[in-house]
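Student: What follows is a single structure, and I will ask about it in a moment.
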Amino acid sequence: RYEVCIFKPDRIGDFVLAVGAIRNLTDRFGEENCVLVISPLVRELADLEFPDCQKVEVNPFGNPFSIQSIFHFLRCRWHLGGMEFERLVCLRHQRVRMQNLLLYVIRAKRSFGLANHRDYELGIPWEFSFSNQDAYPSQCTQGTCLELEAHRIVLQRAMGIPLTPQETMPSFRRLEAKPEEYVLVSPFGSMPIRDYPENDLVSVLVDLFRSHSLP
């Protein structure tokens, strides 16, 4: 039995955006009382930032009807089916079909999340509905983004307290830059719309070099 199941099977960039939200939950309920449902891509980072959380790796991308996906779903069902939670908190707001199916496996008294924001996945027969569900936001506070605002909405419901945008901003507690290390910059996303804007990237790199003098 655990207090919270945090559902965030995602790639690295989206997981980093959720680090602040996840930390709010682990600080409130204790890491040992939380289970992180994540993709294998972020396991190393999750182990570093949340070492005392139990992790369940899922590979939710791809065709849900393939033989490999079916076997993977059954394995996850066996693993998650032995756990019970007070709360399911979903921080994945644009869910594909396999992710919807996996949500049904998680046994929780209450669930918190947003209506699916992935337009072309809407209307499928097994669309998961949360017991406490809100709509994806259409605007956000200056200095944040829609994804961070979405995390804040879910957290306020799950924790029952108001949160400022600053309280859900991503920050690292254990990941530190060391003098002998360097900065690795990866400006390109999985599609051009996800690429980091060139002018903003230059500004960030200049600030980083002035602050840390790392190559």
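The values are calculated or read from the model by the stated rules, or taken from the named source; none is laboratory data. All figures in this text were calculated on a predicted structure; none of them were measured in a lab. Quick reminder, even Gly has a Cβ in these numbers, built from the backbone with ideal geometry, and neighbours come from all protein chains shown. Each accessible area value is taken on the protein alone, full model and side chains, heavy atoms only, with ligands, DNA and RNA left out. Shrake-Rupley method; radii C 1.70, N 1.55, O 1.52, S 1.80 Å.
Student: Name the pairs: first residue in region 74-101 and among the aromatic types (F, W, Y), second residue open to solvent by less than 50 Å² (accessible area, probe 1.4 Å) and not in a loop (DSSP other than H, G, I, E, B), Cβ to Cβ under 6 Å, at least 6 apart or on different chains?
Tutor: Listed by first residue and then by second, the contacts come to F85/C5; F85/A108.
Student: Please enumerate the residues belonging to region 174-215 that are touching a helix residue (DSSP H, G or I) at 6+ places or on another chain (Cβ under 7 Å), exposed (fewer than 12 other Cβ atoms within 10 Å of the Cβ) and in contact (Cβ under 8 Å) with a residue 24 or more places away in the chain.
Tutor: Those that are touching a helix residue (DSSP H, G or I) at 6+ places or on another chain (Cβ under 7 Å), exposed (fewer than 12 other Cβ atoms within 10 Å of the Cβ) and in contact (Cβ under 8 Å) with a residue 24 or more places away in the chain: R174, L175.
Student: Pairs only if they're at least six apart or on different chains, beta carbon under 9 angstrom, first in region 15-26 and in contact (Cβ under 8 Å) with a residue 60 or more places away in the chain and over 17 Å from P162 (Cα atoms), second open to solvent by 10 Å² or more (accessible area, probe 1.4 Å) and among the small types (G, A, S); list them, first residue then second.
Tutor: Pairs found: V19/S171.
Student: Another one. For the structure I just gave you, tell me whether E57 is within 15 Å of the chain's Cα centre (by Cα), modelled with pLDDT under 95 and closer than 23 Å to R1 by Cα.
Tutor: Yes; evaluated as a whole, the condition is true for this residue.
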